[in-house]
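Throughout, read-outs are computed from the coordinates displayed, never taken from laboratory work. Predicted, not measured: the structure shown is a model, and the values here were computed from it. Here the Cβ positions follow ideal geometry from the backbone for every residue, glycine too, while neighbour counts run over all protein chains shown.
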């Protein structure tokens, strides 16, 4: 799967034009559709597309049970408030979690940049920092889960309101947390391989960008969960 | 990049990433403030959705480099999720109907 074989395979209509003409040429010339995109990156994007549908099904299901319930939904600003100095601050922990995840996305973007400059020590360091921030996020999520479980929230009932709250909360944040955890492991594996110089022989550091795509996606999903679950 | 066959590598200045990072911080703070000041109604919803889409757009376009990918890849990835709008619309109708039935018969 490389660009050389793709361009030499077709004699007619060189798919060099960009924009809409490029789109039509890329899809219609009996050839590889994603020109100059490695299989790794194309497959990661397609996986992320399928994951988008999974998360969307969860969020749509949540919307359905929330609007369909005649019992009042627990108010997220109160349920997820933290007491600081005897005063409840709404959504404080969730806001901190959001900033941690955005920061980890920033360090990941810089890791990709370093990798393409073949600065593998800095790339690996930034990836390990990213993984550390991701782990911090999961830790705060575990704290939040513990707090809610101690307050009596269960997937089938809770003391604050509509019974569907627990199922939606544990399902959506749990599935997202699982993604973060897998991402942390994935990043650490790639960072270790970077440090060992595994990608140096082929001088191809695109794997860092592909790992970055997954990580940014985890951040992207959190943007939607934050807006639709916590701010609604 | 002389010996990277499969990639026209995504090289962009660090300053761009830092700007987007800062923008995401500001947008997140704004969406947090929407809740903090307890805005309600259409204003709350408009702001939440607008800030959410702005953040998502920045992440996909810059951090995930979609702005520099060819249109063939971008449309293959970004167009299919639009089908979800149909699902959301159908389920919203279904949920409203469920609510009415429950209020009528399960008081």
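Okay, here's what the table says:
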{"item": "√(5λ) per eigenvalue of the Cα gyration tensor, the stretch A:64-130, largest first, Å", "result": "40, 18, 6"}
{"item": "10 Å Cβ neighbours from other chains, averaged over peptide B:41-50", "result": "2"}
{"item": "Those residues of the stretch B:62-85 whose amide nitrogen sits under 18 Å from the label point placed on residue A:49, 7 Å along Cα→Cβ", "result": "B:64-85"}
{"item": "Fewest-first sequence of B:100, B:34 by Cβ atoms within 10 Å of each Cβ", "result": "B:100, B:34"}
{"item": "Sites residue B:106 and residue A:151, calculated FRET efficiency, Cβ-Cβ separation with R0 22 Å, nearest 0.05", "result": "0.25"}
{"item": "Among A:212, A:61, A:134, residue whose mean-square fluctuation peaks in a GNM of chain A (springs only between Cα atoms under 10 Å)", "result": "A:61"}
{"item": "The stretch B:55-107 - convex hull of the alpha-carbon atoms, volume per residue in Å³", "result": "85"}
{"item": "Estimated inter-spin distance, residue B:49 and residue B:84, nm [label 7 Å along Cα→Cβ]", "result": "1.5"}
{"item": "Average other protein chain Cβ within 10 Å of Cβ, residues B:67-80", "result": "6"}
{"item": "Fluctuation leader among A:105, A:56, A:168 - chain A, Gaussian network, Cα springs under 10 angstrom", "result": "A:56"}
{"item": "Rel. contact order, % - alpha carbon contacts under 8 angstrom, at least six apart, chain A", "result": "22"}
{"item": "Length gained when the stretch residue A:203-residue A:182 is fully extended (0.36 nm per residue, less Cα-Cα span)", "result": "4.9 nm"}
{"item": "Mean-position separation - Cα centroids, the stretch B:38-101 and the stretch A:71-129, in angstrom", "result": "21"}
{"item": "Cα-Cα P(r), the stretch A:174-225, percent of pairs per 5 Å interval", "result": "5, 19, 26, 20, 13, 9, 6, 2, 0"}
{"item": "Convex hull (Cα only) mean projected area of the protein assembly as shown, reported in nm² to one decimal", "result": "19.8"}
{"item": "Calculated over the stretch A:121-232: convex hull of Cα atoms, volume per residue (Å³)", "result": "91"}
{"item": "Residue exposure sequence - A:20, A:222 - by fewest surrounding Cβ within 10 Å", "result": "A:20, A:222"}
{"item": "D_trans [Stokes-Einstein, Kirkwood Rh over alpha-carbon pairs] for chain B, 25 °C, 0.890 mPa s, µm² s⁻¹", "result": "138"}
{"item": "Degrees, to the nearest 10: A:120-150 long Cα axis against longest axis of chain A", "result": "20"}
